[in-house]
Every structure is written in C-alpha cells, then in structure tokens.
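Undergrad: One structure, pasted below without further comment.
Coordinate-derived values only; no laboratory data. Since we're looking at a predicted model, the values are computed, not measured. Here the Cβ positions follow ideal geometry from the backbone for every residue, glycine too, while neighbour counts run over all protein chains shown.
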Amino acid sequence: MIPPAPKNMPMGPWAPRDVSWVEMVCYFGGAMLVAALGVWWIVKRGGRIGLDEPDTRRKLHEKAIPRLGGAPIFLAAGLASLVAGYIGGLGWSRWLPVALCNAMIFSVGFADDLKPLGAKVKLVGQIGTALILFALGVSIDMLSNPFGEGAIALGWWGLPLTLIWLVSVPNIVNLIDGMDGLAGGFGLFLCLTLAFIGYYGHQPDVVVVSLSMAGALAGFLIFNLPPAKIFLGDGGAYLIGFFIASVSLFTSNKGSVIGALLVVIIALGVPILDTLFAIIRRGIRGVSIFNADAEHIHHRLILLGYSKGRALVAMYSVCLALSLVGLSILLNKGFTLPVVGAFLFLLALGAARYLGYVRNWANFRVQISDAMERRRQREFFRAYGRVLDFEVERCDDLESFATLLRHGMERMGLSLCAQDNNRPEILKLGNGKQYTFFHPHDDEDISEWNLRLDALVPALERCLEKWRTLPSSMKENNSATPSQPPTAA
C-alpha cells in the first residue's frame with residue numbers, strides 16, 4: 001500500500017484515499033486488456049480510413065497499416081481513470097481540467113489521422129489546448145530550488161513556460177514515432193516513472209492515473225512491436241506527450257517546478273536529444289524543422305547494422321537508464337544534478353559522434369562548410385522550382401512548359417529516361433498518381449535527390465490544374481503511355 005501522507009501535506013475535500021497494490025495491478029491490467037481488445041478490433045475489422053500508406057522514402061512497410069492506435073489507448077486509460085475516480089474514490093474531480101485537455105489534444109491528432117490537417121492547424125490546436133489548461137489552473141507558477149528551500153515566483157513568465165512545456169513534449173514524442181514500438185515504449189517507461197513520482201510524493205491518484213496510461217500503452221505495444229500491425233498516429237503520440245506534460249505539472253504543489261519536472265526532462269533525454277539533432281540538422285540544411293527525414297537516431301542505428309529489434313532494445317535501455325538517473329535526483333534532493341548534467345552533455349557529444357552526425361571532431365569545421373555549400377545548392381533548387389511554378393502561368397501551351405521543365409530537370413541532375421548507372425526515384429503528386437524520375441547513382445545522399453524532386457511538385461501540380469495533364473514525356477507508373485499522357489484525377 002502507498003505509505004500515508006506526511007503530516008505537513010495539505011489535506012481537504014479533494015484528498016484521495018490510499019490505494020493498495022492489488023488495486024494498482026487491477027487498474028494497470030484492466031487498462032491493458034481494454035487497449036489490447038480495442039487494437040485487436042481495429043486490426044481485424046478496421047476499414048479503409050486512417051491507413052498509413054507505404055512510400056519509397058520513409059514509410060517502408062509492405063502494406064497499408066492503420067494509424068488509429070491512439071483511440072484504444074485513450075479509451076482504456078479514460079475508462080480506468082473513471083473507475084478509479086467514481087468507484088475507487090480517488091478524487092477524480094480535481095482531474096477534470098487535465099482530462100478535458102487530454103481529450104482535446106487527442107481529438108486534434110485523431111482528426112489528422114483521418115484526414116491531414118496541416119502542421120499550422122495542428123499547432124494552433126496544440127496551443128489552444130495548452131491555453132485552456134493554463135486558464136483552468138494547471139501551470140508553472142514558481143521555480144523551486146531542487147537543492148533545498150526557496151522558490152522564485154514566475155509571474156507572467158509562467159504563461160510562456162507552461163505553453164512551451166505543454167506544446168513541446170507532445171511534438172517531441174510525435175517526432176520519435178518513426179519506428180515500430182518506439183514512442184509507445186518510451187511513453188510506457190515515462191508513465192511508470194510518473195507513477196513512481198506519485199508514489200514517492202504520497203499522491204495515490206497520480207499513481208493510478210499513470211498506471212492506467214501505462215497499462216493502456218502495454219496493451220497497444222502487443223500489436224505495435226516489430227513488425228507493427230498498427231501505428232500510434234498523431235492522436236496517440238499527442239495524447240502520450242500531453243499526458244506526460246500535464247500530469248508532471250500536476251504532481252507538483254501549485255505548479256512549482258520541483259524534482260518531478262527534472263525527472264521527466266531527464267527521462268525524455270533520448271527524444272529531446274533526437275529533436276535537438278533534427279533542429280540543428282535541418283537548420284544547417286536550410287529546410288523546415290517540420291520537414292520529415294530518415295535521419296533520426298533509430299534510422300542511424302539501423303544504418304550502423306542494428307536490426308529493428310536490437311535498435312529498439314538499445315533505445316529502451318537508454319530510456320530506462322535515464323529514467324533511473326532522473327529519479328536519483330528526486331531521491332537525493334537534487335545533489336546529483338551537477339553530475340547528471342555533465343553526464344548528459346558527454347552523452348550528447350558521444351551520441352553525435354557514434355551515430356555519424358559528426359564524422360570527425362578534428363574536421364568538424366570542414367563538415368560544417370560542406371553542409372553550408374549543400375544548403376546553397378538546395379536554395380538554388382528550391383528557387384528553380386518556384387521559377388517553374390511561375391512559368392506555368394506564363395506559358396501559353398503545355399509544350400512550351402515541357403521544354404522549360406526538361407531544361408530545369410537537367411539543371412537539377414534529373415531525367416525521365418533510364419540510362420546506365422541511373423537510379424529511379426518515385427514522385428507522388430497530390431492526385432495520388434506516381435511518376436518515375438532517374439538520377440545518377442552517385443555518393444550523394446538520397447535525401448538530397450528527394451529534396452530536388454519535392455521542389456518540382458508545386459509546378460507539376462499547377463500544370464495539372466491548368467492543362468489537366470502533364471507533358472507527354474512523363475509516364476505514370478504502370479499505366480500512362482507517351483501517346484496517352486496522364487490526366488488529373
């Protein structure tokens with residue numbers, strides 16, 4: 001049983017009762033069973049909505065897989081929490097703001113899983129949900145001293161810090177959701193970490209809510225481990241991230257940042273490091289930080305020869321180790337924080353070198369110079385793509401544009417005809433049709449060629465809008481012929 005609260009802990013009408021170990025196991029197991037049954041139903045009876053179609057770049061699964069895994073997780077965790085609140089007497093009323101906003105953030109992601117909303121719409125939904133939770137009283141109001149007594153009142157700074165925390169964590173979790181079992185497993189470890197924080201802080205309601213979500217994730221992982229039969233989707237990733245962010249705020253007294261938030265930040269070390277690498281990588285390359293690529297930590301491990309299973313175990317191990325390191329700060333009242341900070345810094349440097357983000361520290365400046373040169377090339381290709389987009393409006397007929405398109409493709413190193421030592425790449429347009437382009441089989445990173453293809457998409461789609469067809473030299477995969485050019489759907 002959870003030990004009784006200390007005498008100086010505030011009590012009142014919202015104070016939950018203690019929870020036995022049997023009840024904890026029941027909440028975890030019940031949520032796990034409900035989630036597993038829900039996922040099984042979606043896998044066996046799922047229709048054609050919410051499917052994640054494979055492509056030739058990042059999504060390399062063999063067939064379409066449903067990405068609605070967030071729904072059974074939300075259902076299972078919600079049911080377990082309701083049972084704990086209304087039958088188990090765990091003071092559910094004070095959790096209503098957190099429950100409402102978790103439902104809202106899940107709805108934003110789930111809607112995107114059914115039909116893409118766009119990054120800006122999702123960001124507005126995330127910020128709006130965070131603002132509502134802040135308005136309902138869940139916020140970071142003070143920065144407490146992890147080494148002892150004392151705290152700093154944040155005043156109006158509490159609003160931006162709370163928003164950054166509530167928006168960044170769901171996006172960090174969503175960013176690492178690129179390999180079977182990864183985001184769900186990380187969420188499971190973090191929920192168990194939150195449960196321990198609640199146990200240590202004599203908050204049985206935090207323990208039960210965290211165990212309910214952990215159980216739901218465990219049931220989902222049965223079908224999500226490699227090879228995955230279902231994906232989290234944005235709904236599931238946003239729900240996991242927002243749950244972790246909101247409950248970690250709830251574990252502290254009146255929004256003060258104490259050991260709980262430090263533990264969660266350190267436990268999130270791998271996804272935070274992955275996000276940091278992605279921001280730096282995409283910033284140097286001159287592409288949007290929302291531009292997906294295949295160079296996350298798990299991708300790098302696979303390139304180093306790890307199987308999916310070994311890569312997953314390696315990242316689980318690091319997450320577990322960091323969770324324990326974070327908990328050491330809580331148990332030692334912050335005295336290990338300087339050592340942990342130095343350890344995390346060295347871990348980041350070692351990971352950058354081992355994973356190949358930095359080829360050689362001695363020649364790091366040369367690597368940066370090469371990266372900046374490639375950035376200028378990418379800017380040229382994007383600018384050329386915009387020029388072709390404008391040329392669609394200026395050209396009077398399709399053949400005039402076809403001539404300019406062929407010239408532009410030559411400048412980009414692309415071709416529509418297969419030649420010796422050429423490599424094919426598939427470009428999928430908004431009408432759902434695919435076309436094959438060819439480029440030299442050289443040492444250039446495949447992502448560089450994909451960026452050049454992406455630069456052509458606006459012009460080609462504008463061409464379809466204006467002439468209802470593409471130049472006859474472009475053959476649709478497995479269907480179009482030169483005499484019968486593909487038409488817009």
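Undergrad: Exposure proxy check: M412, M372 ranked by fewest other beta carbons within 10 Å?
TA: In increasing order of surrounding Cβ atoms, one gets M372, M412.
Undergrad: Let me ask you something else. What are the ³J(HN,Hα) values, in whole Hz, obtained from phi via the Karplus relation 6.51 cos²θ - 1.76 cosθ + 1.60 with θ = phi - 60°, for each residue of the range 340-348 in sequence order, with x given for Gly and Pro?
TA: 5, x, 5, 4, 5, 5, 5, 4, 5
Undergrad: Using modelled amide H (1.01 Å from N, peptide plane; none on Pro or chain starts), what sits under 5 Å from the amide H of D52, excluding residues fewer than 5 places away?
TA: Correct list: I65, R67.
Undergrad: Something else now. Collect residues whose amide H, placed 1.01 Å from N in the peptide plane, falls under 5 Å from the amide H of M142; neighbours closer than 5 in sequence don't count.
TA: Answer set, sorted by chain and number: L154, S256, V257.
Undergrad: Obtain the nm distance between the two label points defined at S317 and L416 by a simple spin-label model: each point lies 7 Å from its Cα along the Cα-to-C-beta direction.
TA: The answer from the label model is 5.2 nm.
Undergrad: Test of the criteria: in the range 396-453, which GluC sites (Glu not before Pro) are in a DSSP loop and have at most 14 other Cβ atoms within 10 angstrom of their Cβ?
TA: Listed in order of number, the matching sites are E444.
Undergrad: Another question about this same structure. Which value does Rg/Rh take for the range 379-467 over its C-alpha atoms, Rh per Kirkwood?
TA: On the way: Rg = 12.8 Å, Rh = 13.4 Å.
Rounded to two decimals, Rg over Rh is 0.96.
Undergrad: Right, something else. Under a 5 Å amide H to amide H cut-off, with H placed in plane at 1.01 Å, what residues pair with T469 once short-range neighbours are removed?
TA: Correct list: A488.
Undergrad: Moving on to the next point. Please name whichever of A119, I222, L239 sits farthest to the positive end of the charge dipole of the range 21-259, dipole taken about the Cα centre and charges placed at Cβ: Lys and Arg +1, Asp and Glu -1.
TA: Looking along the dipole axis, the top candidate is A119.
Undergrad: Residue by residue through the range 286-292, which ³J(HN,Hα) values in whole Hz follow from phi under the Karplus form 6.51 cos²θ - 1.76 cosθ + 1.60 (θ = phi - 60°), with glycine and proline marked x?
TA: Ordered by residue, 3J(HN,Hα) equals x, 10, 4, 5, 8, 7, 5 Hz.
Undergrad: In addition: Working from Cα positions, state the angle (0 to 90°, nearest 10) between the long axis of helix 364-394 and the longest principal axis of the chain.
TA: With both axes taken from Cα atoms, the answer is about 60 degrees.
Undergrad: Over the range 21-259, consider all pairs of different Cα atoms and compute the Kirkwood hydrodynamic radius from their mean reciprocal separation; express it in Å, one decimal.
TA: The answer is 18.1 Å.
Undergrad: Given R₀ = 51 Å, what would the calculated FRET efficiency be for V457 paired with A153, taking r from the Cβ atoms and rounding to 0.05?
TA: Given R0 = 51 Å and the Cβ-Cβ separation, E is 0.50.
Undergrad: Let me ask something else about it. For Q367 and S93 in the same chain, what is the full-extension length gain: residue separation times 0.36 nm, less their Cα-Cα distance, in nm? Intermediate values should be presented prior to the final figure.
TA: Details: separation 274, 0.36 × 274 = 98.64 nm, distance 5.57 nm.
Full-extension gain reported as 93.1 nm.
Undergrad: Further question: Among (i) 314; (ii) 166; (iii) 149, which one is volume of the Cα convex hull per residue in Å³ computed from these coordinates?
TA: Structure-derived value, by its label: (ii).
Undergrad: If you rank I302, I272 by fewest surrounding Cβ atoms within 10 Å, what's the result?
TA: Arranged by neighbour count, lowest to highest, I302, I272 become I302, I272.
Undergrad: Further, regarding this structure: Going through the cross-link list K428/K466; K63/K433; K63/K115; K115/K428; K63/K120; K115/K433, which pairs have a Cα-Cα distance over 21 Å in this structure? It would help to have the intermediate numbers written out before the result.
TA: Working: K428/K466 19 Å; K63/K433 17 Å; K63/K115 19 Å; K115/K428 17 Å; K63/K120 29 Å; K115/K433 18 Å.
Beyond 21 Å between Cα atoms: K63/K120.
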